[in-house]
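Data first, discussion second: the structure below is written as structure tokens.
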Amino acid sequence: MGTVSMTGVSKVFGGPQGVRALDNVDVHLAEGEFMALLGPSGCGKSTLLNMVAGFEGLTEGAISFDGKSVVKPGPDRGVVFQEAALLPWLNVWQNVIFGPQVQGVPRSDYEPRAKEILRVVGLEAFHDALPAQLSGGMRQRVGIARALVMQPRALLMDEPFGALDAQTRLSMQQLLLDVWQTFKTTVLFVTHDIDEAILLADRVCIMTARPGRITRDIPITLPRPRSIDHLLTPDFVQFKAEIMAEMRGAH
Ligand SMILES: Nc1ncnc2c1ncn2[C@@H]1O[C@H](COP(=O)(O)OP(=O)(O)OP(=O)(O)O)[C@@H](O)[C@H]1O
């Protein structure tokens, strides 16, 4: 469950003479796998994620989720963007349970899970706070909790920590490692931060721009469970050197 399969995926924006944003991309994610898509601005990372989410159609190729062709968004794939679009008039708890409530899920089904998720993301004490009273990092925690409460089989995360300061970003990376260790959801994580990709992922797929292609798929064999202390280990630095060389086109 939570497997993603992209085969020969291409995307052209604006008709046959338009921009070829992605060209012949093949990526497969196994159940529970954490994959980071790493590449420069404009290489098509968000487009690929949006296609897996079902927000965007493809020009050529096929994308399937758990063996079924992706045709539209669904609660089986939770999406987290750079800014959590929280409902400003609802408090943290109400924002987190909004999805299951709207779907008519019985309260007894979602309430224990939502409480557990709020604890895992460290927001128990902010149960009644309004979004305007939260920091950017806390708003992103609510965004992650809101995605998890739907019990998605995959989390699709598009630069989720891109707008945060360096310190908050580190604590959010640690939080995501803990969340993933707890829920073992498949994760497709888009970033242009090399450290972030290595720290979090089982595999880093490197993309190049125009047209967007995957040039390398590097298994990150650092031991788990991981923590931000791994950022300083020789093995980590070795992966970083390899990826930087690849991104500079040295290989
Ligand atoms: N709706 C659209 N119409 C036309 N061109 C688009 C559209 N969306 C994306 N593109 C183009 O497709 C290419 C890939 O864009 P995309 O946003 O997927 O890249 P990205 O790697 O996620 O970039 P960033 O890291 O800056 O978010 C870019 O050249 C972009 O201009």
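Just a few scattered comments:
- Boolean, G61 is on the phi > 0 side of the Ramachandran plot and within 11 Å of the ligand (Cβ to nearest atom): no
Listed here are the residues, each with its yes/no results for (1) of a type in the set (F, W, Y); (2) modelled with pLDDT of 95 or more; (3) at positive phi; (4) surrounded by fewer than 16 Cβ atoms within 10 Å (Cβ to Cβ).
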position: V102; (1), (2), (3), (4): no, no, no, yes
position: V121; (1), (2), (3), (4): no, no, no, no
position: L148; (1), (2), (3), (4): no, no, no, no
position: M157; (1), (2), (3), (4): no, yes, no, no
position: T182; (1), (2), (3), (4): no, no, no, yes
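- Selection status of F189, within 16 Å of the ligand (Cβ to nearest atom) and buried (at least 21 other Cβ atoms within 10 Å of the Cβ): yes
- Summed over region 1-17, the residues that are more than 7 Å from the ligand (Cβ to nearest atom) and either free of Cβ contacts under 8 Å to residues at least 40 places away in the same chain or within 16 Å of F81 (Cα to Cα) (or both) give a count of 3.
- Residue count for region 192-231, restricted to those that are in a loop (DSSP other than H, G, I, E, B), within 16 Å of the ligand (Cβ to nearest atom) and not small (G, A, S): 4
- Residues (assigned to a loop (DSSP other than H, G, I, E, B) and either within 15 Å of the ligand (Cβ to nearest atom) or buried (at least 19 other Cβ atoms within 10 Å of the Cβ) (or both)) located in region 18-53: G18, E33, G39, P40, S41, G42, C43, G44
- Filter result (within 21 Å of L49 (Cα to Cα) and in contact with a Phe, Trp or Tyr (Cβ under 9 Å, 6 or more places away or on another chain)) within region 153-168: R153, A154, L155, L156, M157, D158, E159, P160
The values are calculated or read from the model by the stated rules, or taken from the named source; none is laboratory data. These numbers were taken from a predicted model, which means no experiment stands behind them. Neighbour counts run over all protein chains shown; Cβ positions are idealised from the backbone, glycine included.
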